[in-house]
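Visitor: Please find one structure pasted underneath; my questions will follow.
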Amino acid sequence: MSTFKHKLPALPIAVAALVSGVAAPAALAEEEVPWTVGRLYFQLNDTDGDLGIHMKIDDDAWKRVEIEDPSERTILNISVRGRLRRQGLTELSFESAEPGFDELSPEEFFARFPEGIYEIEGERLDGVELESEILLTHVMPAPPENLRVNGMATPDDCEEEEGPTVSNPVTISWDAVTESHPDLGAEGPVEAVRYELAVEIDEGPLMTVNLTGEETEVDIPANYLALGEEFKFQVLVQDAGGNETSSESCFLVAQ
């Protein structure tokens, strides 16, 4: 289900440097301040069996970004040139390639990206140095389980088994995630801060709903369900540490 993409709300952070009560541009040029948005995290698709590393940054116009791992080795370096350098960039996000576990095991993936403090450094057009320190851990939230449609169980593998057939109204629900993944990564405390439900129709529009970490069901609008018969859906959970895990399933709607 490669069409599912996840966008998170920006969390603004304002930092001002004052010298004798007056903003000093020269001092700002030497002092590092956090990115307005600076996120680095792991994302697991538990259904497909793949892991990736993701980044999201945003700030006033900037011309350079660099990521250093806990050993201070550069793993990403982007600099703008020419007309784009004069214009500057603001929002930027990436997600790494996500080969299946048969190509890259979870153990190999986590060895490639060790736990620790990663630094996202950059420079704005006005000379201000940007730096956000991100603690990356191998604690992945457990996958959302017991995915249900109108209280009916849905399959773990929609390639092997057809989903249940339901009629309007339709409610998708799942169990709250309260623990770390039982089979991969590190064991540790998990606090769900956000769920995202994505529903898609073959060759149709994608519907996404963002929820708090306490909401575990969604009513699907009847006008969306009227667009098709076969639906796939994905439930993603984001942990307080930033890492994300998703599960996928499917259902049919009787028209």
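The values are calculated or read from the model by the stated rules, or taken from the named source; none is laboratory data. This is a predicted model, so every value here is computed, not measured. Counting neighbours? That spans all protein chains shown, and the Cβs are built from the backbone with ideal geometry, glycine included. Ligands, DNA and RNA are excluded from the accessible area calculation, which covers all protein heavy atoms including side chains. Shrake-Rupley method; radii C 1.70, N 1.55, O 1.52, S 1.80 Å.
Visitor: Between the range 154-183 and the range 76-118, how many Å separate their Cα centres?
Guide: Taking the Cα centre of each part, the range 154-183 and the range 76-118 sit 31 Å apart.
Visitor: Then there is this: Which net charge results for the neighbourhood of Ile201, defined as the other residues with beta-carbon distances under 11 angstrom from its beta-carbon, given Lys and Arg at +1 and Asp and Glu at -1?
Guide: Charge balance near Ile201 sits at -4.
Visitor: Could you compute the net charge surrounding Thr212? Neighbours are other residues with a C-beta less than 13 Å from the C-beta of Thr212; K and R count +1, D and E count -1.
Guide: Charge balance near Thr212 sits at -4.
Visitor: About the Cα centre of the chain, how large is the charge dipole given +1 on each Lys and Arg Cβ and -1 on each Asp and Glu Cβ? Please answer in debye to the nearest 20.
Guide: Rounded to the nearest 20 debye, it is 1420 debye.
Visitor: Further, regarding this structure: Under a 5 Å amide H to amide H cut-off, with H placed in plane at 1.01 Å, what residues pair with His138 once short-range neighbours are removed?
Guide: Amide H neighbours of His138: Ala186.
Visitor: Quote to one decimal, in nm, the extra length available between Ile117 and Arg73 on full extension: 0.36 nm per residue of separation minus the C-alpha distance between them.
Guide: 14.7 nm
Visitor: Can I ask one more? Which residues does the label zone of Glu229 cover in the range 200-220, counting backbone N under 14 Å from a point 7 Å along Cα→Cβ?
Guide: 202
Visitor: If you take Rg/Rh (Cα atoms, Kirkwood Rh) from the coordinates, which of (i) 1.04; (ii) 0.95; (iii) 0.97 do you get?
Guide: Checked against the structure: label (i).
Visitor: With 10 Å bins from zero, work out the P(r) of the range 25-151 over every alpha carbon pair and list the percent per bin.
Guide: For the range 25-151, the pair-distance distribution reads 11, 36, 28, 17, 7, 1, 0.
Visitor: Provide the net charge surrounding Asp59, with neighbours chosen by a C-beta distance below 13 Å and charges set as Lys +1, Arg +1, Asp -1, Glu -1.
Guide: Cβ neighbours under 13 Å give a net charge of -4.
Visitor: Among Pro169, Pro70, Pro141, which one shows the biggest mean-square fluctuation in a GNM of the chain, springs joining Cα atoms closer than 10 Å?
Guide: Its mean-square fluctuation being the largest, the pick is Pro169.
Visitor: Using only the Cα atoms, what convex hull volume per residue in Å³ does the range 76-182 have?
Guide: Spread over its residues, the Cα hull of the range 76-182 gives 226 Å³ apiece.
Visitor: How much mean residue ellipticity at 222 nm does the chain get from its helices, if each DSSP H run of length 4 or more adds -39500 (n - 2.57) and you divide by all residues, to the nearest 500 deg cm²/dmol?
Guide: Computed mean residue ellipticity for the chain: -2000 deg cm²/dmol.
Visitor: On the protein heavy atoms, probe 1.4 angstrom, tell me the percent of accessible surface of the range 156-255 carried by carbon and sulfur.
Guide: The C+S portion of the solvent-accessible surface of the range 156-255 is 42 percent.
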